[in-house]
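Student: Okay, handing you the structure first.
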Amino acid sequence: MKIFKYIFWVLYRIWFYILVALPIIVLFPVLLISILKESWYSFFFKLARIWAKFILIGMGFNYKIEREQTPEKGKSYMFIANHTSMTDIMLMLVAVKNPFVFVGKAELAKIPLFGFFYKRTSILVDRSSEKSRKAVFLRAQRRLKQGMSICIFPEGGVPDESIVLDEFKDGAFRMAINHQIPIVPLTFADNKKRFSYTFFSGGPGKMRAKVHKFLITNGLKVDATKPLNSKAHSIILNQLSKYHKT
């Protein structure tokens, strides 16, 4: 019986990468045009949301988004969430309608096809380089002035699977305070179970997400970074605890 599970997991992983690549190949000319100008990013974002839904549905993930508060159209926000899976990118795109730009690891740009568009539409950061981390703030500032929002997974990477929620880096919170934009915490309940970074694991099923009430930064100074970080961490950790009881 175990051999069938391993065969399923191998095929399931291959199927995931097929679903990731197929829309990119089919829509390649349109996607290429959509990234020629930064002002066309909103159109690219719509295509990215379709791509994300295609993958989640194709993988058999029955996603459900619960919202305590909904972002307003035309406003900028800082979206954050716990990070446990490659599917976090897709679920974030499905859960949020406001066009946002990912701030993520430069290593993801090496993924064939996906990486080509990722490095041209996201803000890449080399966490080992102080110069790179500073450049992120300048690029994010330009995107915010264009009316975009920013998305950061503040754990700074995917933690060990035994860790429920790793410590948050300060970058997202400092940036939100500097630009006086609300922070929108999201909790992803099932991504680790559905499709973790452990190769022989995962499968179709429910995929829940919760958009929490916004954390307001109006009037806050940089010295509020740590308390804001702690508050956001507690919100997501408490929600994860509630999910694990159900």
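The values are calculated or read from the model by the stated rules, or taken from the named source; none is laboratory data. Only a predicted model underlies this, so the values are computations on that prediction, with no experimental measurement involved. Counting neighbours? That spans all protein chains shown, and the Cβs are built from the backbone with ideal geometry, glycine included. All accessible areas refer to the heavy atoms of the entire protein, side chains included, with ligands and DNA or RNA removed. Shrake-Rupley method; radii C 1.70, N 1.55, O 1.52, S 1.80 Å.
Student: One-quarter of the Cα convex hull surface for the range 1-108, in nm²? Intermediate results must be reported in sequence, preceding the final value.
Tutor: Working: hull surface 35.4 nm².
Seen from a random direction, the Cα hull of the range 1-108 projects 8.8 nm² on average.
Student: Another question about this same structure. Over the chain, what relative contact order in percent results from Cα pairs under 8 Å that are six or more residues apart? Working shown, then result.
Tutor: Details: 383 pairs, mean separation 62.7, N = 246.
Answer for the chain is 25 percent.
Student: By its C-alpha gyration tensor, with a ≥ b ≥ c as the square roots of the eigenvalues, how is the chain shaped: rounded for a/c under 1.5, else prolate for a/b larger than b/c, else oblate? Before the final figure, lay out each step's value.
Tutor: Details: a/c = 1.68, a/b = 1.22, b/c = 1.38.
The shape class here is oblate.
Student: For the chain, which whole percent of the accessible surface, found with a 1.4 angstrom probe, sits on carbon and sulfur atoms? Could the numbers behind the result be given before it?
Tutor: Values: 7820 of 12730 Å².
Result for the chain: 61 percent of the exposed heavy-atom area is carbon or sulfur.
Student: What area, in nm² and to one decimal, does the C-alpha convex hull of the range 198-246 cast on average over all directions?
Tutor: The directionally averaged projection comes out at 5.5 nm².
Student: Compute, for the range 1-136, the length of the dipole vector about the Cα centre, with Cβ point charges of +1 (Lys, Arg) and -1 (Asp, Glu) only. Units Debye, rounded to 20.
Tutor: Taking the Cα centre of the range 1-136 as origin, the dipole is about 80 debye.
Student: Determine the shape class of the range 1-46: with a ≥ b ≥ c the square roots of the Cα gyration tensor eigenvalues, call it rounded for a/c under 1.5, and otherwise prolate if a/b is greater than b/c, oblate otherwise. Don't skip to the answer; put the middle values down first.
Tutor: Working: a/c = 6.60, a/b = 3.86, b/c = 1.71.
Here the range 1-46 falls in the prolate category.
Student: If you only keep lysine pairs separated by 8 or more in sequence, or across chains, how many in the range 176-245 come under 25 Å at the Cα atoms?
Tutor: Final tally of qualifying lysine pairs is 25.
Student: Keeping all protein chains in place, calculate the accessible area per residue for the chain (probe 1.4 angstrom), answer in Å².
Tutor: Details: 12730 Å² over 246 residues.
On a per-residue basis, 52 Å².
Student: Next up: May I ask which residue of Y41, V10, S196 lies farthest towards the positive end of the charge dipole of the chain, with charges of +1 (Lys, Arg) and -1 (Asp, Glu) on Cβ and the Cα centre as origin?
Tutor: The one lying farthest along the dipole's positive direction is Y41.
Student: Rg to Rh ratio, the range 106-246, alpha-carbon atoms and Kirkwood radius? Intermediate results must be reported in sequence, preceding the final value.
Tutor: On the way: Rg = 16.4 Å, Rh = 16.9 Å.
Result for the range 106-246 is an Rg/Rh of 0.97.
Student: Now for a separate question. Is there a quick way to get the dipole size of the chain? I mean about its Cα centre, with the Cβ of Lys and Arg at +1 and of Asp and Glu at -1; what is the value in debye to the nearest 20? Write out the running numbers ahead of the final one.
Tutor: Details: 38 positive and 16 negative charges, 86 e Å.
Around 420 debye, computed over the chain.
Student: Exactly which trypsin sites (Lys or Arg not before Pro) in the range 80-171 are in a DSSP loop and have at most 15 other Cβ atoms within 10 Å? Write down the numbers at each step before the final one.
Tutor: Values: sites: K97, K105, K110, K119, R120, R127, K131, R133, K134, R139, R142, R143, K145, K169; in loops: K97, R127, K169.
Of the trypsin sites (Lys or Arg not before Pro), the ones in loops of the range 80-171 whose Cβ has at most 15 other Cβ atoms within 10 Å are K97, R127.
Student: What is the range 54-151 by shape, rounded, prolate or oblate, if you read a ≥ b ≥ c off the alpha carbon gyration tensor as root eigenvalues and call it rounded for a/c under 1.5, prolate for a/b larger than b/c, and oblate otherwise?
Tutor: Values: a/c = 2.02, a/b = 1.21, b/c = 1.67.
In terms of gyration-tensor shape, oblate.
Student: Can you pull out the chymotrypsin sites (Phe, Trp or Tyr not before Pro) in the range 143-246 that DSSP calls coil and that have at most 15 other Cβ atoms within 10 Å?
Tutor: Values: sites: F168, F173, F188, F195, Y197, F199, F200, F214, Y243; in loops: F168, Y197, F199, F200, F214.
Sparse-neighbourhood loop chymotrypsin sites (Phe, Trp or Tyr not before Pro): Y197, F199, F200.
Student: In the chain, which whole DSSP H runs stretch at least 27 Å along their own axis (Cα) and average -1.0 or higher on the Kyte-Doolittle scale? Please report the intermediate quantities before stating the final value.
Tutor: On the way: long enough: 2-26 (36 Å, 1.66); 225-244 (29 Å, -0.62).
Answer set is 2-26, 225-244.
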